[in-house]
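Undergrad: Input: one structure, supplied below.
Derivation of every value follows stated rules applied to the coordinates shown; laboratory data play no part. Remember, it's a predicted structure, so these values are computed and weren't measured experimentally. Glycine gets a Cβ as well: all are built from the backbone with ideal geometry, and neighbour counts include every protein chain shown.
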Amino acid sequence: MTRHTKRQSALFGISLLLMAVACFAVLDTTTKRVTTVVPILMAVWARYFFQALLTTAVVLPLKGLGVLQTKNPRQQLTRGVLLASVTGLAFLSLTLLPVAEFTAIVMVVPLLVTLLAARMLGEHVSVQRVWLVCGGFLGTLIILRPGTDVFGWSLLIPATLVVVNAAFQLLTSKMARTEDAMTTQFYTTWVGTALASVPLYWFWVPVTDSRVLLELVLMGVAGSVGHFLLIMAFERSPAGTLMPYMYAQIGFAMLGGWLVFDHVPDHVSLMGIGLIALCGTACGVLTVYELRQKTQG
């Protein structure tokens with residue numbers, strides 16, 4: 001592959017990633033609207049059910065029954081459980097936090113994974129990365145400072161979300177070495193659907209508003225399209241190249257929060273959001289630099 005072709009592939013991968021995080025911002029914004037009308041568990045079920053249907057419609061024609069072949073069924077089940085837990089905690093967090101602030105807190109996860117990867121996956125983490133991780137956590141504390149509406153016991157929910165999401169990301173990174181991405185996507189969506197279906201009987205409410213029904217479908221579509229675009233992006237560009245652009249999701253989330261809820265973070269919260277985005281982007285750039293130095297060496 002020539003240098004020009006590699007550059008084109010990288011740019012295409014970045015474009016796919018930006019579309020993916022835009023889909024995730026749509027998912028979060030729509031979720032915050034829907035959960036004011038229907039129970040959270042019903043929203044979680046709709047998100048997984050419609051995503052599972054769309055995923056199956058795309059994956060089966062491409063892979064056939066071979067999509068069911070996995071080397072680690074236990075890990076597939078664990079990943080599905082973790083992501084279902086992440087989704088439930090995220091939906092609950094969105095009832096407590098504005099979309100932009102919620103997204104900024106979730107964006108701390110890649111920084112936390114950076115530290116945990118050193119201990120759990122044996123990856124090297126430089127001192128500069130440690131300082132960037134600390135900067136990201138400082139940005140989170142600024143957003144969730146005393147005096148804000150969300151300061152209190154409810155902070156345990158997004159805090160738990162960050163820890164569970166980090167575990168999910170670490171397991172995903174480990175599975176990516178041996179498992180097909182579409183197989184993993186297929187199992188994850190159906191495990192989530194099965195888990196969310198168990199308590200559905202006690203939380204189901206009739207949906208008579210066509211707008212709410214369309215939003216429930218949109219949640220599944222946005223999640224499906226976002227994950228497929230993310231897979232396609234990582235197939236075309238290295239992770240180190242893409243990671244700095246993940247933080248564009250904060251910008252999309254702020255736009256969604258402004259358009260739908262007329263919410264703009266205050267100046268102090270914007271400082272925290274900016275610090276998280278800056279540290280996360282710098283961590284991604286540092287990753288690219290370290291990879292190039294290692295290759296040249």
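Undergrad: Hey, can you rank 248-260, 46-58 by average C-beta count inside 10 Å, highest first?
TA: 46-58, 248-260
Undergrad: For Trp131 and Lys63, what is the calculated FRET efficiency with R₀ set at 35 Å and r taken between the beta-carbons, to the nearest 0.05?
TA: After rounding, the FRET efficiency stands at 0.20.
Undergrad: Counting other Cβ atoms within 10 Å of each Cβ, which trypsin sites (Lys or Arg not before Pro) in the stretch 128-233 have at most 12 and sit in a DSSP loop? Provide the component values of the computation, followed by the final result.
TA: Values: sites: Arg129, Lys174, Arg177, Arg211; in loops: Arg177.
Within the stretch 128-233, the qualifying trypsin sites (Lys or Arg not before Pro) (loop, at most 12 other Cβ atoms within 10 Å) are Arg177.
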